[in-house]
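One structure is given here, and the rest of the page talks about it.
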Amino acid sequence: MTYQLPHTIQNKAEKITFLGLVKEKDGDKLLVENTVRPGGGPPMHNHFLQEESLTVVKGRIGYQVLGQAPQFAEVGETIVFAPGVAHKFWNAGMDDLQSTGHIKPANTIVFFLSSIYAAQRKSGSDKPEIFDAAYLLTRYSSEYDMNEIPWPVKKILMPVIYTIGKLLGKYKHFKDAPRPTKP
């Protein structure tokens, strides 16, 4: 499954636009911009294979690396999360937070996040529809992790739900899904 860039996705708290790819020797750099409502932002997560960079354009960002104290950045400041570093960020201000940045290498991130946001719309809540969540978290477990989901749910329950979903034919809409990137 491929997406024409720029490509925009949105959930209740965040809007992300994948602007384009910059070809580099060590992998494509995906340029992004996002807008986050006050208090909103993704939960603690990990990109095992990708660097994520955010530069504050407007507002104030709060961010945290797993096991460390929260920190904050203002307009003009950049934060970088190295591959394999669990992190989260949120709008720590009263107005919308706007930032620009990149994800490198791009790998499957456009598909993965687009599918997560679509699964949230399908469920009508902040939590993705369960079969789609099981598919994405199981199939792409070598690339991404949602750290706030308990280990037994991720490693036991989600693979069982994924298997049930395959048996029930729940994944036809993922027929053109990209192969997971291997470390």
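Read-outs throughout are calculated quantities, based only on the coordinates presented, and are distinct from any laboratory measurement. This structure is a prediction, so every number in the text was calculated from the model and none was measured. Virtual Cβ from ideal backbone geometry, glycine too; neighbours counted across all protein chains shown.
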Candidate cut points under trypsin sites (Lys or Arg not before Pro) in the range 19-98, DSSP loop plus at most 12 other Cβ atoms within 10 Å of their own Cβ, are K23, K25
By the Cα gyration tensor axes a ≥ b ≥ c (a/c under 1.5 gives rounded; else a/b larger than b/c gives prolate, otherwise oblate), the shape of the range 7-104 is oblate
A correct Kirkwood calculation over the Cα atoms of the range 109-174 returns a hydrodynamic radius in Å of 11.9 Å
Interchain or sequence-distant (5+) residues whose placed amide H lies within less than 5 Å of the amide H of A86 are L66
Per DSSP, the loop-located GluC sites (Glu not before Pro) within the range 18-116 having at most 13 other beta carbons within 10 Å are E24, E74, E77
Once normalised by the length of the range 7-104, the mean sequence separation of its alpha carbon contacts under 8 Å that are 6 or more apart gives a contact order in percent of 35 percent
In whole percents, the bins of 5 Å from zero upward hold the Cα-Cα pairs of the range 14-171 as 2, 9, 16, 21, 20, 16, 10, 5, 1, 0
Contact order relative to length for the range 109-174, counting C-alpha pairs under 8 Å separated by 6 or more residues, stands in percent at 28 percent
Expressed in nanometres to one decimal, the distance between label points 7 Å along Cα→Cβ at E74 and D28 is 3.8 nm
